[in-house]
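Have a look at the structure below before the remarks.
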Amino acid sequence: MLRHDVVVVGAGLAGQRAALAARQAGSDVAIVTKLHPLRSHSGAAQGGINAAMGAEDSVDTHIYDTVKGSDYLGDQDAIEFFCQSAGPTVVEMEHFGTIFSRSDDGSLARRAFGGAGFPRTIYAADRTGLALLQGLWEHLSTEQFTLYPEWDLLRIVVREGRVQGIVAFDRTRGEFAEIAAKSVVIATGPAGRIYGRTTNAHSCTGDGVAAAYDAGAFLKDMEFVQFHPTALLESSILITEGARGEGAYLRNATGERFMSRYAPHVLELASRDVVSRAIVTEVAEGRGFSGPYGGYVHLELMHLGKERIESRLQEICDYCRNFAGIDPVTEPIPVYPAQHYMMGGVGTNIRGETNLPGLFSAGEAACVSIHGANRLGGNSLLETLVFGKEAGNAAAKYAASAPATSLRDADLREAVDPLRAWSSRSDGEDPSVLRTEMQATMERYAGIYRNEADLLEGLRRIRALKDRFEKVRVVDSSRVYNLNLTDAVEAGHMLELAETIFVGAYARTESRGAHARTDYPKRDDAHWMRHTLAQKSSTGPQLSYAPVAYTRWEPKERVY
């Protein structure tokens, strides 16, 4: 049996930062990851990382912008800690080797992002996530740790009231394995592939979040799903908010710069939920363009000039030219919102601790909560680093005093026997068909606008898919790189999480941030200024609620 003090599941920015912190605290650390660390989805983040640095900006302004952006559902003690950690985190990452873009005077270049009262988003052209990932990986690689690449998490083992380790599948050898651990850190990132139209990579299937849920952890605020307003129409490739930060315009089919109707003070630089709803409304009311892939609006960069576009938005130029046959220097970009981020996740405190002793979480897989009902652009990369470090430190501290853990043969059998049953069936459900139907259900019934009838119908359909999943069949009998088996595992994870989204969204009878209900169009602070907690039961998610932490800012109307 394999054994480590701390096992980090996921190797993006949050996972790597947790592993580095735990290793530097003296723990024997292992990283379990379904992808090579440099292929992690953190590398897809484009626009930048927020930090209030310099005399013109202030940490308090960053805190207030984040509280307001969250539609006052973010925990203000966590937000204060987060924003105060921003400057030191950026400096640390530069010392680790991240090459940030510079202004003419040699200072860190900054751009405006939506919902921010000051241009505080520090960037590396439009490849900021990749630059951070490379710098952190090079630094982490100087430490001694064990890497298990291309392993799928199957189960978190909890016994005697605490975590004992994990069960995983090694794709490269086709073998199942147990890893005993005193602490487990879930840093597996997003679950965006629950939706068909998403900016997330194909690997973003919520594996760690679902495993934590199955083990008894609370999932927090799962009803809040962020849609990014500008995704390339056909492919849903992200067009960074940095484009609007550089001065890009949104126009409808009449040529109108329509954001003046929805956010007259900041226009395209309103928060993401506001801009996404504006685009959907323009198309729904007949002012959008139409085409074979549905309605859309234009994002225009042409007025910025060739030099500025190609130097600051290099990756966007490549995406448009290679995947859409469009040159953004001379042509508008067709865009429409796509699922982008989950504000919800495994419920944690500032130190990454969950309700299960020995289980920690960080990054998009976790919900601290700093984003509340809506995340500001530029805060996600910062979140991975700040709270990855906290979770790694806390996991190492816990492991140092925790008793020895043990895994049994029965732990492996309980995790693996259902999967072997999938392969033994002569007939059954195709996991790819279930996944496609799930994605269509999420798109239709749990999108940007929601209502009671849609949420009930969507929940009925998801539960029917879960029933069908009980008869899922894996037809590939090979041992090595059995991606049919991986597909089935991922489909099961996503169906569990999809149900929590519907149940939480149906229960929350208000509109707040990214959760917009046409039948309850107003925010209801009297009843809903609280976090949703979902815990797994035999009948589905059981909901309870927790208060929002306040420090200095009382809720008020959120306008841009």
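Tally Lys and Arg at +1 and Asp and Glu at -1 over the other residues with C-beta under 11 Å from the C-beta of residue 30: what net charge comes out?
Details: positive: 3, 23; negative: 5, 28.
Every neighbour counted, the sum reads 0.
For residue 3, which sequence-distant residues (separation of 5 or more, or a different chain) have an amide H within less than 5 Å of its own amide H, given hydrogens modelled in the peptide plane?
180
Tell me which trypsin sites (Lys or Arg not before Pro) from the range 394-473 have a DSSP coil assignment and no more than 15 other beta carbons within 10 Å of their own.
Of the trypsin sites (Lys or Arg not before Pro), the ones in loops of the range 394-473 whose Cβ has at most 15 other Cβ atoms within 10 Å are 408, 425, 471.
With a cut-off of 8 Å between alpha carbons and a minimum separation of six or more residues, what is the relative contact order of the range 247-380 in percent?
20 percent
Evaluate the relative contact order of the range 311-434 (contact order divided by residue number), counting alpha-carbon pairs under 8 angstrom at least 6 apart; express in whole percent.
17 percent
How large is the helix-only mean residue ellipticity at 222 nm for the chain, computed as the sum of -39500 (n - 2.57) over DSSP H runs with n ≥ 4, divided by its residue count, in deg cm²/dmol to the nearest 500?
When only DSSP H runs of four or more count, the value is -11000 deg cm²/dmol.
How much area per residue is accessible in the range 401-535 when the probe is 1.4 Å and only protein heavy atoms are counted (Å²)?
About 46 Å² of surface per residue is accessible.
Please give the FRET efficiency for residue 524 paired with residue 202, using the beta carbon to beta carbon distance and R0 = 35 Å, rounded to the nearest 0.05.
Efficiency, rounded to the nearest 0.05: 0.40.
Please report the accessible area of residue 389 (heavy atoms, 1.4 Å probe, ligands and nucleic acids excluded) in Å², nearest 10.
Residue 389 has an accessible surface of roughly 80 Å² with all protein chains in place.
Excluding residue 178 itself, calculate the net charge of residues whose Cβ lies under 10 Å from the Cβ of residue 178, where each Lys or Arg counts +1 and each Asp or Glu counts -1.
+1
With a sphere of radius 14 Å drawn around the Cβ of residue 164, what net charge do the other residues whose Cβ falls strictly inside it have (Lys, Arg +1; Asp, Glu -1)?
With Lys, Arg at +1 and Asp, Glu at -1, the neighbours total 0.
Could you rank 104, 28, 467 by how accessible they are, 1.4 Å probe, largest area first?
104, 467, 28
What FRET efficiency comes out for the pair residue 311/residue 265, r = Cβ-Cβ distance, R0 = 25 Å, nearest 0.05?
Calculated value: 0.30.
At 7 Å along Cα-to-Cβ for each site, give me the label-to-label distance between residue 432 and residue 550 in nm.
So the two model labels end up 5.3 nm from each other.
Run the accessible area of the range 52-188 with a 1.4 Å probe and give the carbon-and-sulfur part as a rounded percent.
48 percent
Please quote Rg/Rh for the range 288-345 to two decimal places, taking the Kirkwood radius as Rh and restricting both calculations to Cα atoms.
The Rg/Rh ratio comes out at 1.05.
Determine, for each peptide in 265-272, 278-285, the mean count of other beta carbons within 10 angstrom over its residues, then list the peptides with the highest first.
265-272, 278-285
In nm, what is the difference between 0.36 nm times the number of residues separating residue 404 and residue 99 and their Cα-Cα distance?
Once the chain is fully extended between residue 404 and residue 99, it gains 105.6 nm.
The values are calculated or read from the model by the stated rules, or taken from the named source; none is laboratory data. None of these values were measured; they are calculated from a predicted model. With ideal geometry, Cβ positions are generated from the backbone for all residues, glycine too; neighbour counts draw on all protein chains shown. We work out accessible area using only protein heavy atoms, side chains counted, and drop any ligands, DNA or RNA first. Shrake-Rupley method; radii C 1.70, N 1.55, O 1.52, S 1.80 Å.
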